[in-house]
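Enquirer: Handing you a structure now.
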Amino acid sequence: MAEKVSSGDLVRLEYTGRVGEKAFDTTDADAAKQAGIFNEKSKYGPVLVAAGKEQVIKGLDEALVGSEVGVEKKITVPSDKGFGERRPELVRLISLGEFRKRGVDPVPGMVLDLDDARAIVQSVSGGRVKVDLNHELAGKTLEYSFKVVERVTEAKDKVAALAKELLPALPAPVFSEGKATIVAPAEAAKDSDYIVSKIRFVQQALALVPEVKAVVVVEEYSKPAARKEEGAKAEAGAKTDAGARPGTGSKTGEAAGGTSK
C-alpha cells in the first residue's frame with residue numbers, strides 16, 4: 001500500500017502547471033524546453049515542499065495532503081485557489097513623465113518593478129502609461145500534474161534535506177540530541193543571498209522538524225590569502241629597509257646618505 005502524505009510532511013515534489021495546453025511552470029527540464037520556458041539559471045528536478053504549509057499555491061497544496069507517494073495525479077485549480085481573481089483597481093494609468101524620471105522608456109509588453117510590485121505595460125498613449133499589476137495568471141483556471149516522489153520521515157534526513165535545498169554550498173549539517181548544527185567555512189560566500197537562506201533554514205528547521213529544539217550556525221571568517229601575502233611582503237620589505245646602511249645603493253641608503261639638502 002502506497003504511503004499517503006499528511007499535512008506538515010516534508011516531501012519531494014515533481015509538477016507541471018499549465019493553462020490549457022501551455023506549460024507555465026515545471027520541475028522537468030525537458031518539459032520546460034518544449035514549452036519554451038527553460039531558464040538556465042533555474043534548478044530543475046523534484047522540489048522540497050512542506051505539504052499543507054502554503055509553500056505552493058493553495059489548490060496544489062490542498063491536493064498534496066492525502067496524495068499517494070509515487071502516484072501521478074492531475075488536478076484542476078480554479079483561479080481563487082491559484083493566482084487569484086483579476087482586480088480592476090490594479091490596472092492603473094501613470095504619467096509617462098514618472099517613468100522618464102526613473103530613466104525608463106516604457107513600451108507595451110514591458111515587465112517592470114513598480115513600487116515593489118511586478119507590473120506589465122499594456123499601452124502607452126497621450127503621455128499616459130497603462131500598467132497592470134495583476135499577476136499574469138490571475139483569473140485563469142490552471143491544470144496541474146504532479147507526483148510526490150519521496151516523503152522524508154527521519155528528523156536527521158529532514159534537516160539534511162532543508163540544508164541541501166537552502167544552503168547547498170555548505171557541508172551537510174549534523175543533527176544530535178535535538179540540535180541541528182551547520183558550519184559555513186571561511187571559503188563559503190556570505191553575501192545577502194546567503195543571509196536570507198540562512199534565516200530561512202533556521203526558521204524552517206524549527207518549524208517543520210518537531211525534533212529540532214535548537215539550530216546552531218557556525219560561521220568561519222579569515223583574511224583573504226592575497227591580503228596575507230601582501231602583508232607578508234610589506235613586512236619583509238620594511239625589515240630590509242630598516243636594516244640597510246647609508247650608501248649601500250638602496251633608495252633608503254641614498255636618501256640617508258646625505259643626497260638631500
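Bear in mind that the values in this text are calculations on the coordinates, not laboratory data. Since we're looking at a predicted model, the values are computed, not measured. Methodologically, a virtual Cβ is constructed for each residue, glycine included, from the backbone with ideal geometry; neighbour enumeration extends over all protein chains shown.
Enquirer: Sort 20-30, 140-150 for me by packing, meaning the mean count of neighbouring Cβ atoms within 10 Å per residue, highest on top.
Expert: The most tightly packed comes first, giving 140-150, 20-30.
Enquirer: Which three semi-axes in whole Å describe the equivalent ellipsoid of the stretch 103-174, each the square root of 5 times a Cα gyration tensor eigenvalue, listed largest first?
Expert: Numbers: eigenvalues 375, 72, 13 Å².
Result for the stretch 103-174: semi-axes of 43, 19, 8 Å.
Enquirer: Could you state the angle between the C-alpha long axis of helix 155-166 and the longest principal axis of the C-alpha atoms of the chain, as a value from 0 to 90 degrees rounded to the nearest 10?
Expert: It works out to around 70 degrees.
Enquirer: Okay, next question. Quick one: of Lys147/Lys190; Lys74/Lys130; Lys41/Lys130; Lys4/Lys156; Lys41/Lys213; Lys53/Lys74, which pairs are farther than 29 Å apart, Cα to Cα?
Expert: Exceeds cut-off: Lys147/Lys190; Lys74/Lys130; Lys41/Lys130; Lys41/Lys213.
Enquirer: Under 5 Å between amide hydrogens, which residues at least 5 positions from Glu85 or on another chain qualify, with H placed 1.01 Å from N in the peptide plane?
Expert: Counting only residues 5 or more places away or on other chains, the set is Gly139.
Enquirer: Rounded to the nearest 0.05, what FRET efficiency is calculated for Leu112 and Asp191 with R0 set to 35 Å and r the Cβ-Cβ distance? Could the numbers behind the result be given before it?
Expert: On the way: r = 25 Å, r/R0 = 0.71.
Once the sixth-power term is evaluated, E becomes 0.90.
Enquirer: Could you give the length gained on full extension between Lys179 and Arg128, defined as 0.36 nm per residue of separation minus the Cα-Cα distance, in nm?
Expert: Working: separation 51, 0.36 × 51 = 18.36 nm, distance 5.75 nm.
Computed gain between Lys179 and Arg128 is 12.6 nm.
Enquirer: So if we plug the beta-carbon distance of Thr141 and Ser7 into 1/(1 + (r/R0)^6) with R0 = 22 Å, what FRET efficiency do we get, rounded to 0.05?
Expert: 0.30
Enquirer: Suppose each label sits 7 Å from its Cα in the direction of the beta carbon; what would the Leu93-Glu21 distance come out to in nanometres?
Expert: Those two pseudo-labels are separated by 4.0 nm.
Enquirer: While we're looking at this one, here's another question. How would you rank 64-76, 94-106, highest first, on the average number of other Cβ atoms within 10 Å across their residues?
Expert: Ranked from most to least packed, the peptides come out as 64-76, 94-106.
Enquirer: Once you have the Kirkwood Rh of the stretch 11-102 from its Cα pairs, apply Stokes-Einstein at 20 °C and 1.002 mPa s and quote D in µm²/s.
Expert: Translational D for this selection: 135 µm²/s.
Enquirer: Could you tell me what a quarter of the Cα convex hull surface of the stretch 88-132 works out to, in nm² with one decimal place?
Expert: Directional mean of the projected Cα hull area for the stretch 88-132 stands at 2.9 nm².
Enquirer: By how many nm would the segment from Glu62 to Lys43 lengthen if fully extended, with 0.36 nm per residue of separation less the alpha-carbon distance?
Expert: Extra length from Glu62 to Lys43 when fully extended: 4.4 nm.
Enquirer: Quick one: pull the percentage of alpha-carbon pairs in the stretch 1-154 with a separation above 19 Å. List each step's numbers first, then the result.
Expert: Working: 7347 of 11781 pairs.
Considering the stretch 1-154, 62 percent of its Cα-Cα pairs are separated by more than 19 Å.
Enquirer: Please turn the phi angles of the stretch 30-43 into ³J(HN,Hα) values with the Karplus equation 6.51 cos²θ - 1.76 cosθ + 1.60 (θ = phi - 60°), one per residue in order, whole Hz, x for glycine and proline.
Expert: 3J(HN,Hα) across the stretch 30-43, in whole Hz: 5, 5, 5, 5, 5, 8, x, 10, 5, 10, 4, 7, 7, 9.
Enquirer: Ok, one more. Loop-only check: which GluC sites (Glu not before Pro) in the stretch 151-200 are DSSP coil with at most 10 other Cβ within 10 angstrom?
Expert: Glu177, Glu187
Enquirer: Further, regarding this structure: Show the residues, 5+ positions off or on another chain, whose built amide H is closer than 5 Å to the amide H of Phe24.
Expert: Gly17, Arg18, Val19
Enquirer: Further question: For the chain, what number results from the quotient of the Cα radius of gyration and 2.2 N^0.38 Å?
Expert: That ratio works out to 1.58.
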